[in-house]
Amino acid sequence: MENNELNQGQLQVQTIREVFHYLHQFKGKCFVIKIDCDIIDNPQFPLLIRDVVKLHEAGIRIVLVPGAKERIDEVLSDYSIKNEWIDGMRVTGPDAIPFVEMAAFDVANRIMTSLSAYECPAVIGNWVRARGVGVVDGTDYQHTGYAERILTKELLKILDDGFIPILPCVGWSSIGKPYNLLSDDLAVVAASRLGADKLFFITSRPAIMAADYALPKGAVVATTGRISNLSLLDVQQFLNNNQGKTELALLDKARRACEAGVSRVHILDGCSDGVLLREVFSNLGSGTMVYSNQYSGIRSMRYDEVGEVLRVMKPFVDKNILLPRTEAMIEETLNDFIVFEIDGAVHASCALHVYPEGVGEIAAVAVDSSYSHLGVGPKMIEFLCERAKKMGLKRIFVLTTRTSDWFLGMGFEEGVVSDLPEKKRTAYNYSRNSRIFIKNI
């Protein structure tokens, strides 16, 4: 019982650390959040709005873009206004556009009312300048348009004053002609023009699961089978591998947003409680993220990360898998260490120690248990093998008591004490009886 309580406490502490890490990182940054219309009637919607307010109160600048498709459909049907969809766009005639405006602002007002329940200031405005789609392949789209410009100066002033701006899916031309806009596209334009750090698509659809698609090599899959994140290059390959899957249209929007300068785009199931906070404040998130900048990777360790590396090592030291190390011991060999990070937070470490005989030792391999399913350990070993090769080393070895199969699976072969370089051979601890594995590189 005590061990379970201790482990649970450690997990809670790590979660709190992640939250503080991201709070510091995102304070003052801009998040654009597009919310599907059909989520508003979901029982989880008030909780979602509460979480939006929490982000706002934490100093994150929030811009909301409500979708209104279902509400527009409902209003047009109520007034017997016919319309059609062609190539993913609604053809909006002059008789329909007043009702489109009514429906779009109705949805925006419902969201503003929900924010008011938490005493969160918000304002609906006409900050979008639009241009008509025109005639495409013989079809005149009339009052259907696309966002041409965002009045960023005015919007930033609203944000500076502590308000949450709400952008309905309607834009106006320079002479005041209204246009019906696709809210997903409006969110992409708003995020790119405002220099948003993140763009969220809050949908009513479940998470994107790996089992349903052909995955590119770089896709990261969570333990639940959810596709956790894709790089900009990987998302293009993913779309190529799964052509004809209409439910992946948002991934193409995410790709476009990243290409337009948005660092990260997140696709979330808004019907799941806490999905927004889990996505923002945890490294592995709760939806699917597309990113254009460096999100995770392996790099050399920095001096200020010694404490974090010791934290990652501790569970393995406690189980006698790793030998205990002090800060001073790690600092002495700092340049030997690499770490695996996600958003600047260290979750794994490993070292390559070089001996005069031109032999390298891989040591201190430790991976946070929450990230072991990502294949981080083998990636770090491969990284160090490449480093050793570039250094001119011909052979590397490792000593282990509990992970023999792991190293055998990576091409290591069992060795004996006499295979070790002199310094390591002299210091070999026969009572520990570590097994020796060697790999020629």
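We did not get these values from a lab; they are worked out from the coordinates using the rules stated. Quantities reported herein were computed from a predicted structural model and do not represent experimental measurements. Positions of Cβ are backbone-derived with ideal geometry, glycine not excepted, and every protein chain shown enters the neighbour counts.
Using Cα pairs under 8 angstrom and six or more residues apart, how large is the relative contact order of the stretch 1-116, in percent?
Working: 89 pairs, mean separation 30.3, N = 116.
It comes to 26 percent, rounded to a whole number.
Just how far, in whole angstrom, is the stretch 163-187 from the stretch 295-336 if you go by their alpha carbon centroids?
The two parts, judged by their Cα centres, are 51 Å apart.
Which entries of Lys29/Lys217; Lys319/Lys379; Lys198/Lys314; Lys390/Lys423 have Cα-Cα distances beyond 26 Å here?
Working: Lys29/Lys217 31 Å; Lys319/Lys379 23 Å; Lys198/Lys314 34 Å; Lys390/Lys423 23 Å.
Too far apart for the 26 Å limit: Lys29/Lys217; Lys198/Lys314.
How large is the charge dipole for the chain, taken about the Cα centre, if only the Cβ atoms of Lys, Arg (+1) and Asp, Glu (-1) carry charge, to the nearest 20 debye? List each step's numbers first, then the result.
On the way: 48 positive and 55 negative charges, 247 e Å.
I would put it at about 1180 debye.
Using the charge dipole of the chain (Lys, Arg: +1 at Cβ; Asp, Glu: -1 at Cβ; taken about the Cα centre), state which of Tyr291, Met410, Asn180 has its Cα farthest towards the positive end.
Met410
Loop-only trypsin sites (Lys or Arg not before Pro) in the stretch 159-223, please: DSSP not H, G, I, E or B, and at most 10 other Cβ atoms within 10 Å.
Details: sites: Arg193, Lys198, Lys217; in loops: Lys217.
Loop-located and lightly packed - Lys217.
Hey, in the GNM for the chain with a 10 angstrom Cα cutoff, which one of Ile39, Ile72, Ile86 fluctuates hardest?
Ile86
By how many degrees, 0 to 90 and rounded to 10, does the Cα axis of helix 306-318 deviate from the longest principal axis of the chain?
Taking Cα atoms only, the helix is inclined about 60 degrees.
Expressed as a rounded percentage, what relative contact order does the stretch 146-195 have, with Cα pairs under 8 Å and six or more residues apart? Numbers along the way, then the final one.
Numbers: 39 pairs, mean separation 22.2, N = 50.
Worked out over the stretch 146-195, it gives 44 percent.
Take the alpha carbon gyration tensor of the stretch 297-440, find the square roots of its eigenvalues, order them as a ≥ b ≥ c, and report rounded if a/c is under 1.5; if not, report prolate when a/b exceeds b/c, else oblate. Numbers along the way, then the final one.
Values: a/c = 1.42, a/b = 1.35, b/c = 1.05.
Because its axes are fairly even, with a/c under 1.5, the stretch 297-440 counts as rounded.
Rounded to whole Hz and in sequence order, give me ³J(HN,Hα) for the stretch 224-237 from the Karplus expression 6.51 cos²θ - 1.76 cosθ + 1.60, θ = phi - 60°, writing x for Gly and Pro.
7, x, 6, 6, 7, 7, 9, 6, 4, 5, 5, 5, 5, 5
Given a cut-off of under 8 Å on Cα pairs at least six residues apart, what relative contact order in percent is computed for the stretch 21-295? Intermediate values should be presented prior to the final figure.
Working: 563 pairs, mean separation 56.9, N = 275.
Relative contact order here is 21 percent.
With the cut-off at 1.5 for a/c, could you classify the stretch 11-139 from its C-alpha gyration tensor as rounded, prolate or oblate?
Details: a/c = 2.54, a/b = 2.11, b/c = 1.20.
Note, shape of the stretch 11-139 comes out prolate.
Pairing the Cα long axis of helix 69-78 with the longest principal axis of the chain, what angle in degrees results, from 0 to 90 and rounded to the nearest 10?
Rounded to the nearest ten degrees, it is 20.
Give a residue-ordered list of calculated ³J(HN,Hα) values for the stretch 265-274 (Karplus: 6.51 cos²θ - 1.76 cosθ + 1.60, θ = phi - 60°; whole Hz; x for Gly, Pro).
With coefficients 6.51, -1.76 and 1.60, one gets 10, 10, 10, 10, 8, x, 8, 9, 4, x Hz.
Taking a ≥ b ≥ c as the square roots of the Cα gyration tensor eigenvalues, with a/c under 1.5 meaning rounded and otherwise prolate when a/b beats b/c, else oblate, which class fits the stretch 265-314? Present the calculation step by step, with values, prior to reporting the outcome.
Details: a/c = 4.09, a/b = 1.92, b/c = 2.13.
Judged from the Cα gyration tensor, the stretch 265-314 comes out oblate (a/c at least 1.5, b/c at or above a/b).
Pick from Phe407, Phe238, Phe45: which residue has the top mean-square fluctuation in a GNM of the chain where Cα pairs under 10 Å get a spring?
In this elastic network of the chain, the residue with the biggest mean-square fluctuation among Phe407, Phe238, Phe45 is Phe407.
Run lengths n ≥ 4 of DSSP H only: what is the helix-derived mean residue ellipticity at 222 nm for the chain, with -39500 (n - 2.57) per run over all residues, to the nearest 500?
Values: 14 runs with 161 residues, N = 441.
After summing the helix terms and dividing by the residues of the chain, the value is -11000 deg cm²/dmol.
Determine which aspartates and glutamates satisfy two conditions relative to Lys389: a Cα distance under 15 Å, and not lying fewer than 8 residues away in the same chain.
In chain and number order, the partners are Asp336, Glu357, Glu361.
Please determine, in degrees from 0 to 90 and to the nearest 10, the orientation of helix 183-194 with respect to the longest principal axis defined by the Cα atoms of the chain, where the helix direction is its Cα long axis.
Between the helix axis and the principal axis of the chain, the angle is about 70 degrees.
Note down the Stokes-Einstein diffusion coefficient of the chain in µm²/s, whole number, using a Kirkwood radius over alpha carbon pairs, 25 °C, and 0.890 mPa s.
Working: Rh = 24.7 Å.
Translational D for this selection: 99 µm²/s.
Spelling out what I want: for every residue of the stretch 166-175, take phi, set θ = phi - 60°, compute 6.51 cos²θ - 1.76 cosθ + 1.60 (Karplus), and round to whole Hz; glycine and proline get x.
10, 10, x, 7, 9, x, 10, 6, 5, 9
Using a Gaussian network for the chain with springs between C-alpha atoms less than 10 Å apart, which of these wobbles most: Met301, Met329, Met313?
Result for the chain, Cα springs under 10 Å: Met329 fluctuates most.
Please go through the stretch 20-76 and write out the trypsin sites (Lys or Arg not before Pro) that DSSP classes as loop and that have at most 12 other C-beta atoms within 10 Å.
Working: sites: Lys27, Lys29, Lys34, Arg50, Lys54, Arg61, Lys69, Arg71; in loops: Lys27, Lys29.
Sparse-neighbourhood loop trypsin sites (Lys or Arg not before Pro): Lys27.
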